[in-house]
1. How big is the antiparallel share of DSSP beta bridges in the protein assembly as shown, given as a percent to the nearest 5?
2. Given that compact globular proteins tend to follow 2.2 N^0.38 Å, what is the ratio of the alpha-carbon Rg of the stretch A:158-199 to that value?
3. Name the chymotrypsin sites (Phe, Trp or Tyr not before Pro) in the stretch B:235-298 that are in a loop by DSSP and that have at most 14 other C-beta atoms within 10 Å, would you?
4. Relative contact order, percent, of the stretch B:47-114 when contacts are C-alpha pairs under 8 Å separated by at least 6 residues?
5. Report, in whole Å, the centroid distance computed from the Cα atoms of the stretch A:320-353 and the stretch B:65-89.
6. For the stretch B:227-281 and the stretch A:1-67, what is the separation of their C-alpha centers, rounded to whole Å?
7. Using θ = phi - 60° and the Karplus relation 6.51 cos²θ - 1.76 cosθ + 1.60, list the HN-Hα couplings for the stretch B:75-80 in order, rounded to whole Hz, with x at every Gly or Pro.
8. Kindly report, to the nearest 10 Å², the accessible surface of A:F364 as traced by a 1.4 Å probe over protein heavy atoms only.
Amino acid sequence: MQPANLFLVTIVLVLVAYGLGYTRSRSLAMPLGGIRHLKSLPFYYGARAALWCGIPALIVLALWAMFQGKVIQLLVIGSLPPEMMPASEGEASLLLSKISNVASGALPPGFAEPPVVEAAERLTALRQQSRWYMTVLVVAVAVLAGFFGWVRIRPRLNARAQVESTLKWIFFACAALAVLTTAGIIFSVAFETIRFFGKVSFFEFFFGTSWSPQTALRADQVAAEGAFGMVPLFTGTLLISAIAMLVAVPVGLLSAIYLSEYASKRVRGVVKPLLEMLAGIPTVVYGFFAALTVAPFISNLAASLGIDASSQSALAAGGVMGIMIIPFVSSLSDDVINAVPQTLRDGSLALGATQSETMKKVIFPAALPGIMGGILLAVSRAIGETMIVVMAAGLAANLTANPLESVTTVTVQIVTLLTGDQEFDSAKTLAAFALGAMLFLATLILNVIALHIVRKYREQYD
Amino acid sequence: MSTMNTLKPAVDKEVGASRDTVVPAHEERPESAVIEEAKTVGKPFSDDPKFKLRNVEVFYGQDRAIKNISLDIARNEVIAFIGPSGCGKSTFLRCLNRMNDSIDICRVRGSLLLDDQNIYDSKRDVVELRARVGMVFQKPNPFPKSIYDNVAYGPRIHGLANRKSDLDDIVENSLRKAGLWDEAKDRLDATATGMSGGQQQRLCIARAIAISPEVILMDEPCSALDPIATAKVEELIAEMSESYTIVIVTHSMQQAARVSHRTAYFHLGHLVEVNETNKVFTAPEHELTESYITGRFG
């Protein structure tokens, strides 16, 4: 059976176990005088039997599905005649793909050497076998463990406590999965970054002011020596993020103040969802809006003023990104301002303060830490934003602070480094990982600061 | 005033003459007691009124929360508003400094005069009104600032002090009047939210009197305080009654009896009875008042 089908079968078995556990607990309770003589409700006995049936079986299924491929490969390689034994890892994977192509019929057997054809047959047989073993094992585990869970049902058994603690572990496992995924990403990026620093010096990467990752693909190719200085990229990112925040923070904050303090219920009910819709527009749409509408407009405007402006400018990308980020700032600030207790507003108004004085002197200072947290989260969004800058900011790694010039950002360079055919051990490709790691570090630090500020703020009112 | 005094509750009133006289069936009260609109028992009027309130009605959307109330609040008196929850006493109090303005659906009708000037005049400056009519709330609500800045908030907004030393004097005086100076003088820079509940409430009183209002409205000022803090605030009210007009809403009849000169009893948006406090508590004229103060409902 395929793993997916087997999963369904296991689910059916779990449901059966639930039903059996439920009825067994009821029938055990009958002679005692009803279910109130059970330690827990019949639901919990059923759930306990179901957990016994399901969890071990699913673990076995998951482990088998995870490792069967690798084990079968090893067995197939191991059975090859000595003269066919692959010398390196690369050869092994080539050979394996050839074998599996033959096995699947993509490569007619006539085109392959006899040992390969043999291996392919072997592969098919092993897969068949593995599927059988897996089916038998999983069903057997489900039935046996389920039976164990079922037969152990006693009226005195505190099934509820057991189910509760098992559920706690299941929830923990889900949370751990998210954390482990993050850790996995960090490690994979970290290892590639370390490999990158084996090829390019630490000093050049952090302090180099020139970025041109065009390295030779082959040893005999004539090409420029690549330069991997990340300074122009980070200044580009900072420039665009700063422009974005210059747009997003005032507009977002002031609209949050308007919505939370001045707007009537009806206006708020219309404007707030509309404003939040900005966050729902795909960034690629913002991207071509920036590239096709805003950037030409800015360069024409600059030209009419006699200023030299590039057709792809940091200003266009940053401005459009700022508009995209407005809802982040306004939504979070709105929440924080609304969280300031009404009693503080009343207290200030009752002293004869006007609405704007109340805003300025009481509500804003009280909400400031939360607003700062929101702004920092928006900054990390701006730093990580890719699509708009890919389309509107350009690719030239200029080291400039002029917003009318074309700049490039870390994210844009990661995209260009990794798209197309690449060798996965050249400095060029590995540079993408190093840049990713730096970006990750920067946003991580910003997020930590933001969370810290938000948390500190929360303590103040509770 | 004399005409109102002679009015007695109309017992044999025609049922259904006004929708307000139809009382919900679940309302627990003596059969004979009927509230007649705008017929307040006792002495609702005064010769020297600070507030002159006539035919006041407050609506929340379609609901009439205050039903045609007429009342005078005399200069330098302490008047207590009592009544069961939801009877409109807080709503009525909040009309006196227009704190109801911030509620969109709230409308006020009738004539409300402070020193013969209309409170709800469209040209009326709310800022000036609230500077004259201060307010202390149910829950202590100091700003998350220092003790000093809390008291200095009002004077700064209204530009009452030109120099730092003037402001210092105002802060010290206000804290002294609120009986908080000795406890607070060494930690004026500490945040106000770190004080105890009773101290916070007295700080709010100090904050209110820092702008020298003429009237202080108190909306259940002791309901969040322990008995000792309550006693201190009540003492303070007694002292302040010499220089301010004080309107206090309270759920505690003992408190009304202790601090007020006159007591007004509200019921379902009606002002049922107003009289000298000792009279209300010893010889209430209206059956509803009697039922309430003897604890038959509330």
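The values are calculated or read from the model by the stated rules, or taken from the named source; none is laboratory data. Just so it is clear, the model here is predicted, and its values are computed rather than measured. Note that each Cβ is placed from the backbone with ideal geometry, even for glycine, and that neighbours are counted across all protein chains shown. Quick note on the areas: whole protein, heavy atoms, side chains included, nothing else; ligands and nucleic acids left out. Shrake-Rupley method; radii C 1.70, N 1.55, O 1.52, S 1.80 Å.
1. On the way: 27 of 46 bridges.
So the antiparallel bridges in the protein assembly as shown amount to around 60 percent.
2. Numbers: Rg = 18.1 Å, N = 42, 2.2 N^0.38 = 9.1 Å.
Compactness ratio reported: 1.99.
3. Numbers: sites: B:Y244, B:Y265, B:F266, B:F281, B:Y292, B:F297; in loops: B:Y244, B:F297.
Listed in order of number, the matching sites are B:F297.
4. Working: 104 pairs, mean separation 31.0, N = 68.
Relative contact order comes out at 46 percent.
5. So the two Cα centres are separated by 35 Å.
6. Distance between centres, Cα-based: 67 Å.
7. So the Karplus estimates, Gly and Pro as x, are 4, 6, 10, 10, 10, 9 Hz.
8. Only protein atoms counted, so the area is about 60 Å².
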